[in-house]
Amino acid sequence: MTHPNLTRLKDQADAAIEAFLKQWPESAGDGLYAPVHYLMRLGGKRLRAVLALSAAEAEGTSCEVAFPAAMGVELFHNFTLMHDDIMDAAPLRRGKETVHIKWDENAAILSGDAMYTLAHIAFAQLSAEALPKALRLFNQTALEVCLGQQSDMAFETRNDVTVAEYMEMIRLKTSVLVAASLALGAIAAGASEERVQLWYALGEELGLAFQMQDDLLDAFGDEQVGKLLGGDILADKKTFLRLYTQENGGMAAQEVLAKWDGQRHDAPAKIEAVRAAMTAAGAANAARDLMHAHVAKAMASAEALGLEGSHLEWFQFLGGMVTQRTS
């Protein structure tokens, strides 16, 4: 799915980020900035930056007023990716070597820290009126993302994780940054506190829907998604699908999960067996229903904001993009 706004705003975000980073050339800082430029050049949807710019435009201002917020959330997001790849021992990011592989772990840690600092420098370019409120929200969001990542790691050694705990974990790890991106764009545009809260609620619901689709694509998508189909199943990852199956599939589902936990010798058979248990438990349908429910709540916030015309159509497109995307 594509939309003129998606291309236009992504291009503007990319140009703003590129111009901003020219202040810290790759060759400077004894190599500190080279991994930053490398990771940012790997591309990506720039979804968070696009959302910040979209909210500013919908508030009736030029998207340029939100450039500092868009750059800040995108730099922060990529900082988390750089450090996540270390924790996950991931060899590839968007089909290319991860920073800790191309350089080393020390370089990835330190350059990631630099990216986090650069995000704050970007935010400092906001207007004097917007800056205090924006920094409060950004710092709160950054801490919540860390809490979400910590919970995700803690879940790996727990056998009693519930669906409710998982939903809170993904809200913190994924959804709050999507929510903050919209809210920060609105703050940059001078929106009232009430409207900022509505933008935040819209983004929070979109973020939760996005993660539901992620879980579904990993287990029930196709190889075109760009990663191994069933990777979460092979890793025994505690996704919504697995936890719902565990809670609602009865003894038969629990026996299937227990039988295949930790098994790596026959990947196709494991994926097929666990997917069958998930389907029998109604996990896939439950995930789809929940995804659509979160999108509906996001659209309710859009209506409460009084979005009309092209602005309303754009956010309706974003809601559809979340549920219909294939990667």
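Each value in this text was obtained by applying a stated rule to the coordinates, not by laboratory testing. These figures come from a predicted structure and were not determined experimentally. Cβ sites come from the backbone with ideal geometry, for glycine too, and all protein chains shown count toward neighbours.
Distance from the alpha carbon centroid of segment 249-314 to that of segment 183-212 works out to 24 angstrom. Only the Cβ atoms of Lys and Arg (+1) and of Asp and Glu (-1) were treated as charged; on that basis the dipole of the chain about its Cα centre amounts to roughly 320 debye. Treat each spin label as a single point 7 Å out from the Cα along the C-beta direction, and report the residue 131 to residue 263 distance in nm. According to this spin-label approximation, the distance is 6.0 nm. When the Cα positions of 32, 53, 19 are compared along the charge dipole of segment 1-63, 53 comes out farthest toward the positive end, with charges on each C-beta of Lys, Arg, Asp and Glu. Based on C-alpha pairs under 8 angstrom that are at least 6 apart in sequence, the chain has a relative contact order of 17 percent.
When all alpha carbon pairs of segment 276-327 are counted in 10 Å bins from zero, the resulting P(r) reads 23, 41, 24, 10, 2 %.
Working note: 222 nm ellipticity from helices only, DSSP H runs with n ≥ 4, each -39,500 (n - 2.57), summed and divided by the residues of the chain, gives -23500 deg cm²/dmol to the nearest 500.
Pairs from the table (237/297; 173/270; 173/238) lying more than 22 angstrom apart at Cα are 237/297; 173/270.
In angstrom, the C-alpha Rg and Dmax of segment 63-133 are 14.3, 43. Return the single residue from 116, 38, 200 with maximal mean-square fluctuation; model: Gaussian network over the chain, springs between Cα atoms under 10 Å. Of 116, 38, 200, the Gaussian network model singles out 38 as fluctuating most.
Projecting the Cα atoms of 196, 128, 317 onto the charge dipole of the chain, computed from C-beta unit charges around the Cα centre, puts 317 farthest toward the positive end. Near residue 183: Cβ cut-off under 14 Å, other residues only, Lys/Arg at +1 and Asp/Glu at -1. The net charge is -2. Extension gain for residue 11-residue 248 works out to 80.8 nm (0.36 nm per residue, less the C-alpha to C-alpha distance). Remark: relative contact order (segment 31-109) = 29 percent; criterion is Cα-Cα distance under 8 angstrom and separation of 6 or more residues. For segment 81-177, a crude dipole built from +1 on the beta carbon of Lys and Arg and -1 on the beta carbon of Asp and Glu, taken about the Cα centre, is about 380 debye to the nearest 20.
With the alpha-carbon atoms of segment 1-111 aligned to their principal axes, the span from lowest to highest coordinate is 45, 32, 17 Å, starting with the largest.
Comparing 46, 275, 264 in a Gaussian network model of the chain where C-alpha atoms under 10 Å apart are linked, the largest mean-square fluctuation is found at 264.
The GluC sites (Glu not before Pro) of segment 102-172 meeting both criteria, a DSSP state outside H, G, I, E and B (loop) and at most 16 other C-beta atoms within 10 angstrom of the site's C-beta, are 129, 156.
Seen against the Cα atoms of the chain and their longest principal axis, helix 47-58 is set at about 50 degrees. Rounded to whole Å, the principal axis extents of the Cα atoms in segment 170-305 read 57, 28, 22, largest first.
If you take the Cα centroid of segment 20-63 and the Cα centroid of segment 77-127, the two points sit 13 Å apart.
Each Lys or Arg adds one and each Asp or Glu takes one away; over the other residues whose Cβ falls under 12 Å from the Cβ of residue 282, this sums to -1. Each Lys or Arg adds one and each Asp or Glu takes one away; over the other residues whose Cβ falls under 15 Å from the Cβ of residue 29, this sums to -2.
Note: relative contact order over segment 202-273, using C-alpha pairs below 8 Å and six or more positions apart, is 24 percent.
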